[in-house]
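Data block below; observations after.
The values are calculated or read from the model by the stated rules, or taken from the named source; none is laboratory data. What you are looking at is a predicted structure, and each value in this text was computed from that prediction instead of being measured. We place every Cβ from the backbone using ideal geometry, glycine too, and count neighbours over all the protein chains shown. Quick note on the areas: whole protein, heavy atoms, side chains included, nothing else; ligands and nucleic acids left out. Shrake-Rupley method; radii C 1.70, N 1.55, O 1.52, S 1.80 Å.
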Amino acid sequence: METDNQTWVSSFILLGLSSDWGTQIFLFILFLSIYLLALLGNILIIILIRLDTRLHTPMYFFLTNLNFVDVSYATSIVPQMLAHFLKEQKTIPYVSCAAQLFFSLGLGGIEFVLLATMAYDRYVAVCNPLRYSAIMHVGLCARLVTASWVSGSLNSLMQTAITFQLPMCTNRVIDHISCELLSLVRLACVDTSSNEVAIMASSIVLLMTPFFLVLLSYIKIISTILKIQSTEGRKKAFQTCASHLTVVILCYGMTIFTYIQPHSSPNILQEKMISLFYALLIPMLNPLIYSVRNKEVKGAWQKLLGQFYELKSKLTSS
């Protein structure tokens with residue numbers, strides 16, 4: 001696809017994590033196991049929420065979307081990475097690279113906005129419990145989720161379009177595990193200051209703005225909890241937010257840690273580890289956090305398992 005000195009490459013080469021064959025096989029087995037656990041955990045949580053009518057509440061409606069986003073985000077990156085562990089030539093077509101960037105960037109943005117939406121839900125539950133049902137009605141929940149998906153998708157579409165308009169010249173080697181935004185911008189053979197401004201602007205809109213909304217929500221939540229007289233009441237109110245707060249600390253904590261690092265000389269290995277963290281560990285940990293730290297989910301699991309064993313015993317006896 002060469003036109004002049006500034007060429008548009010037809011494919012890219014991903015360096016990945018290692019060039020050693022033995023290490024790649026080990027990583028393939030390890031990451032495949034984690035990916036399958038993440039898929040299983042998130043899909044089971046989605047099914048559980050659908051089956052148990054006690055979980056048909058705004059909080060679990062948002063959680064279903066979060067689980068779906070986690071599965072989709074992992075799937076946009078991990079299968080390609082696993083396939084490359086088994087290949088000597090780790091190429092990815094131009095169109096596939098653009099698609100991977102669009103989906104991973106979009107789903108990442110959607111997750112951050114969803115977490116802010118869930119923080120608002122927890123704020124209403126703790127600070128306005130008597131009006132919770134009236135405030136968090138079906139229409140509002142649907143609009144909040146739609147806003148999350150639309151904002152993340154539009155930002156991703158814009159970033160993908162302006163990134164893939166950059167001429168890459170003969171640069172086609174991406175030192176990353178996937179077609180990641182900053183790694184692609186670094187390949188450009190022209191000035192990328194406008195792209196950097198766009199990346200900074202989207203970071204403010206889809207990362208820092210949701211983060212400050214989450215922070216504001218939890219300041220009000222903690223203030224309300226501290227005013228509760230009984231120890232049992234404070235404990236119950238905190239348990240209402242514990243799972244979500246844990247996920248927020250994991251997601252925002254890693255991202256903010258990354259953004260406060262000096263960027264004069266990018267740490268490529270650190271960028272790869274952070275991508276793995278979001279693609280594998282977060283999707284695997286979220287279902288565990290919401291199962292272990294949440295009495296309603298544990299109760300739903302016990303009910304479902306009880307029904308399963310009851311059905312099994314009936315079939316065995318007959």
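Quick notes on this structure:
- Some residue of the stretch 61-72 being surrounded by 13 or more Cβ atoms within 10 Å (Cβ to Cβ) and free of Cβ contacts under 8 Å to residues at least 24 places away in the same chain: yes
- Which listed residue is open to solvent by 20 Å² or more (accessible area, probe 1.4 Å), among the basic types (Lys, Arg) and closer than 30 Å to GLN89 by Cβ, from ARG172, ARG143, ARG131: ARG172
- ALA116 meets the conditions (1) open to solvent by 10 Å² or more (accessible area, probe 1.4 Å); (2) touching a Cys at 6+ places or on another chain (Cβ under 9 Å) in every case but one. The failed one is (2).
- Residue list for the stretch 91-141, restricted to those being of a type in the set (Val, Ile, Thr) and in contact with a strand residue (DSSP E or B) (Cβ under 9 Å, 6 or more places away or on another chain): THR91, ILE92
- Here ILE77 fulfils each of the conditions (1) under 21 Å from SER203 (Cα atoms); (2) of a type in the set (A, V, I, L, M, F, W, C); (3) open to solvent by 20 Å² or more (accessible area, probe 1.4 Å) apart from (3).
- Within the stretch 37-45, one or more residues are closer than 30 Å to GLY306 by Cα and either without any contact (Cβ under 8 Å) to a residue 12 or more places away in the chain or exposed (fewer than 14 other Cβ atoms within 10 Å of the Cβ) (or both).
- Residue count for the stretch 207-229, restricted to those that are more than 21 Å from LEU114 (Cβ to Cβ) and either open to solvent by 60 Å² or more (accessible area, probe 1.4 Å) or assigned to a helix (DSSP H, G or I) (or both): 7
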